[in-house]
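Heads up: the structure comes next, in structure tokens.
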Amino acid sequence: MASRPIVPQQARGEAVVGVNKQQKKNVAAAMEGRHRRALGDIGNLVTDRAVDAKAQAQISRPLTRSFRAQLLANAQAAAAAANNKKQVCVNVKKVSAVVPDGAAVGKKPAVEKANKAKKVNVKPTPEEVIEISPDTVEATERKQEKNVDKKKDGGEASTRKKVQTLSSVLTARSKAACGMAIKPKEDIVDIDAAQTDNDLAGVEYVEDIYKFYKLVENENRPCNYMNSQPEINAKMRAILVDWLIDVHQKFELSQETLYLTVNIIDRFLSVKTVPRRELQLLGMSATLVASKYEEIWAPEVNDLVCISDRAYSHEQILVMEKTILRKLEWTLTVPTHYVFLARFIKASIPDTKFENMVYFLAELGMMHYDTIMFCPSMLAASAVYAARCTLNITPLWTNTLKLHTGFSESQLKECAGLLVSYHSKAAENKLQTVLRRYSSPLRGAVALLPPTKCLLSGNFQ
């Protein structure tokens, strides 16, 4: 490497002996290099560096053959550029000499002639000439199409249709042949969304409440008691329930009271033998207990005595009431058919006609003793399913109903078929209270509709 030249110290005013011009330049450059400004900012701009380069001297470099050849080439290039500039200036002067003195400087003819002269004298840069053949044209068109597709996709997969393979086509055909075609998934409806602002609806707790109902509904279910009752049969019970439905209608009692009354009767008959002459008394006392539990204004005992045509006294009704409460251990908060009916009807997104049809089938089932083998939730769900079949509501069973009832369509067909068979025989039955009640236009005359045939295929008694 070349080292910086060392300059011997000398006194002021003395001349330097044996130093040529080149050495003087090197010494001057070295002296200026010592006093160069330090780099103050790493992020200096290029323009700042260019300005500083004019003021600062370049670092000296020893002359070698390659460096000298490079300097010579640079000098020749600079001389050629200067000659070109001089030639352009001479041409411009000639053009201006041709223009007459009286011509204005800003007129278009003089400017256009000057521009033409400049264009003639300045040599254009040579451009490359590319020969285009048919093959190259097709190749460029393909490249352009690919580029357009990439721009449209934005780096994602192409929007063009994918070619189906043979295996995928065969798989789709076999699934369709076996009935396994993909069906759109049915959404579950939030049946409580409309009552989120209603504090009385208890939307936050309703799911837990019905889970508890399903859990305890079998704890207070009446057993199959008819074999243990020597003086009572299923026909007598049906007559009693039919009469009680008429009594509830005359007193304008609620549906909750009716279903609780029948529940109290069945539970009492499951634990105590009742003679035939006291069966109506049991029904009247059960109505009194249920009314006190459910109604705001319960009927008085004298009203019950009058409606029974004074078959029983005031004291007899009160004594039977005490007997019922003692045998049932005062357990009156039980999930009846009604609590499940209210929830399952709501899950079916009902109208008035559908609601009346469900209650008609449920009361028919409650009146017959054969339905005691089914739990209250199954009887309620079967009434909803049978009503949908009767009114031809499609689909017959939804995912929303399956979620809230806990039963599938196949599990309900036996009980629903039993209810439809009661509907088909209601006109021939001697007990006409339920049929007459739901034949009224006020209840949509749903009892007059023909029973569904899809659930009558089984043999139900």
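The values are calculated or read from the model by the stated rules, or taken from the named source; none is laboratory data. Owing to the predicted nature of the structure, the values given are computational and were not obtained by experimental measurement. A quick note on method: Cβ atoms are made from the backbone with ideal geometry, for glycine too, and the neighbour counts reach across all protein chains shown. These area figures cover heavy atoms from the full protein model, side chains too; ligands, DNA and RNA do not enter into them. Shrake-Rupley method; radii C 1.70, N 1.55, O 1.52, S 1.80 Å.
Just need a number here: residues in the range 389-417 that are open to solvent by less than 10 Å² (accessible area, probe 1.4 Å), within 22 Å of Asp187 (Cβ to Cβ) and not aliphatic (A, V, I, L, M).
2
Let me spell it out: the conditions are (1) open to solvent by less than 30 Å² (accessible area, probe 1.4 Å); (2) outside any helix (DSSP H, G or I), and Ile296 meets all of them except one. Which number is the exception?
(1)
Which numbered condition trips up Val305, out of (1) assigned to a helix (DSSP H, G or I); (2) touching a residue at least 40 places away in the same chain (Cβ under 8 Å)?
Checking Val305 against (1) assigned to a helix (DSSP H, G or I); (2) touching a residue at least 40 places away in the same chain (Cβ under 8 Å), the one that fails is (2).
Go over the candidates Leu341, Leu332, Leu253, Leu318 one by one and state the one that is assigned to a helix (DSSP H, G or I) and crowded, with 16+ Cβ neighbours inside 10 Å.
Leu341
Can you give me the ranges of the helices (runs of 4 or more DSSP H) entirely in the range 370-451 with at least 1 residues that are farther than 28 Å from Val247 by Cα and touching a Gly at 6+ places or on another chain (Cβ under 6 Å)?
409-425
Could you please tell me which pairs satisfy a Cβ distance under 8 Å, a separation of 6+ or placement on different chains, a first residue in the range 351-374 that is of a type outside the set (A, V, I, L, M, F, W, C), and a second residue that is at pLDDT 95 or above and open to solvent by 40 Å² or more (accessible area, probe 1.4 Å)?
none
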